[in-house]
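**Student:** I'd like to ask you about the structure that follows.
Read-outs: derived from the displayed coordinates by stated rules, not from any lab. On a predicted model such as this, the values are computed, not experimentally measured, just so you know. A quick note on method: Cβ atoms are made from the backbone with ideal geometry, for glycine too, and the neighbour counts reach across all protein chains shown.
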Amino acid sequence: MDDPILTTGEAALLLGVSIRTVQTWIEQDVIDSWKTPGGHRRVRRSAVLALRERLIARNDEAVIPLLVLTDGESGLQPMELLRLVPNARITTCGDALSFLIEAGHQKPDVLIIEIAHSDWGRLAMLRRILQSRPLAHARIVLITTMHLEQIKIDVGDHPRMQVLPPTHSQEQLLEAISLPPQRQETGLLTYPVPTNEESRLRALEKSHVLTRGEQHELNDIVIAAAELLQMPIALVTILSSDRQWFKARHGLTVTDTPRAWAFCNYTIMQEGIFVVEDALLDQRFSSNPLVTEEPSIRFYAGIAIRDADGYPLGALCVLDRHPRSIASEQQDKLVALARLASEKIDQYAYQS
């Protein structure tokens, strides 16, 4: 069915709120619903998605949480931020440890960090933040005298990180912090969500796949997929509630993306291989940043990676920067490799 009936739990996952909140919204007709002859309320996925779009529009004026690490040496003052962003909620810290604790507790939209030249302690803290899954949504603004190239060497080049000099203008600071990062990253891209998403996420947590370090077996599988199918890029992706994580990758340097960018959202919705021969000609993907920007994906083929109970945790996929098709014998190889990846990941639950 194109527009299935959702449980309150499934609606809560789509909306990012509690089940009780969904129940209240249904009772108050905030979400379009109807009563069955037995007196039970029912709601369709289209009604939940419509409310989600209204909430996104309303959130344009929502409070923006900002966490600031400052010694005051750059002239950055909380009152200046309040003037620039009247709807900001600002917390300031004077040391890296307090900042890390507050960041983990608040999970703010924007992190503003002053880093002096050769402050290795704060650079190490920044690396931890960039690797933190709970903070993967946050925009990071660095105020420093360090050169941009040196920062890239020390912590890498991250699209969600902006660097400003201590002499920054108010306009530069406003541009760096004024947009909530998740909306800027994902825009209004929509994607399908399994009707059993709540159970799928519990299965993902049970698998421990996201908490384990790099696994050589999975790296070997993506290398084999790239070579056997003659593709420049191969990935093992894992889909959490809001991110796409590349658990193993070949031909790609980034480690994760917003979930809204994931082609694999469609892969986990079906049993067989999901193929996109030319993403620019497919309205589901033509505006996707992975297509319009680097790595400029045009071709995709993927098959779900499932746990022992059949829940899709992610996918094994191959990609190309040029339109193409995939032969039946290549599909068979991808299926076999995905089965092997599923077996490897399923072992993690028993080894943890």
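**Student:** If amide H atoms are built 1.01 Å from N in the plane of the peptide, which residues on other chains or at least 5 residues away come under 5 Å of the amide H of D307?
**Tutor:** L313
**Student:** Output the Cα-based Rg and Dmax of segment 195-245 in Å, rounding Rg to one decimal and Dmax to a whole number.
**Tutor:** Just the Cα atoms of segment 195-245 yield Rg and Dmax of 13.3, 36 Å.
**Student:** Which FRET efficiency, nearest 0.05, do D32 and H147 yield, Cβ-Cβ r, R0 45 Å?
**Tutor:** Calculated transfer efficiency: 0.25.
**Student:** Per residue of segment 113-118, in order, report the coupling 6.51 cos²θ - 1.76 cosθ + 1.60 (Karplus, θ = phi - 60°) as ³J(HN,Hα) in whole Hz, putting x for Gly and Pro.
**Tutor:** Running phi through 6.51 cos²θ - 1.76 cosθ + 1.60 with θ = phi - 60° gives 10, 8, 10, 6, 4, 6 Hz.
**Student:** Right, another one. Label-point separation (nm) for T167 and S287, each offset 7 Å from Cα along Cα-to-Cβ?
**Tutor:** 4.0
**Student:** Identify the residues of segment 295-327 with backbone N under 20 Å of a label point that sits 7 angstrom from the Cα of T7 along the Cα-to-Cβ direction, or state none.
**Tutor:** Zone members listed by number: 307-314.
**Student:** Amide H to amide H under 5 Å from L69: which residues, 5+ apart in sequence or cross-chain, H placed 1.01 Å off N in plane?
**Tutor:** Long-range HN contacts for L69: C93, I112, I113, E114.
**Student:** As a test of understanding, state the convex hull volume per residue of segment 281-348 from its alpha carbons, in Å³.
**Tutor:** So the per-residue Cα hull volume is 108 Å³.
**Student:** Further question on the same structure: List the residues of segment 249-274 whose backbone N lies under 14 Å from a point placed 7 Å from the Cα of E205 along the Cα-to-Cβ direction.
**Tutor:** none
**Student:** For D256, which sequence-distant residues (separation of 5 or more, or a different chain) have an amide H within less than 5 Å of its own amide H, given hydrogens modelled in the peptide plane?
**Tutor:** Excluding prolines and chain starts, which carry no amide H, the hits are F246.
**Student:** Label H216 and V275 with points 7 Å out from Cα along Cα→Cβ: what is the distance between them in nm?
**Tutor:** It works out to 3.5 nm between the two label points.
**Student:** Set the Förster distance to 45 Å, then compute FRET efficiency between A336 and D95 from the Cβ-Cβ distance, nearest 0.05.
**Tutor:** It comes to 0.30.
**Student:** HN-Hα J couplings of segment 122-128 from phi, Karplus 6.51/-1.76/1.60, θ = phi - 60°, integer Hz, Gly and Pro as x?
**Tutor:** 6, 5, 5, 4, 4, 4, 5
**Student:** Kindly write out, for segment 303-313 in residue order, the coupling ³J(HN,Hα) from the Karplus curve 6.51 cos²θ - 1.76 cosθ + 1.60 (θ = phi - 60°), rounded to whole Hz, with x marking Gly and Pro.
**Tutor:** After applying 6.51 cos²θ - 1.76 cosθ + 1.60, I find 9, 5, 9, 10, 7, 5, 8, x, 6, x, 8 Hz.
**Student:** What distance in nm lies between label points placed 7 Å from Cα along the C-beta direction at T255 and D309?
**Tutor:** Between T255 and D309, the label points sit 2.9 nm apart.
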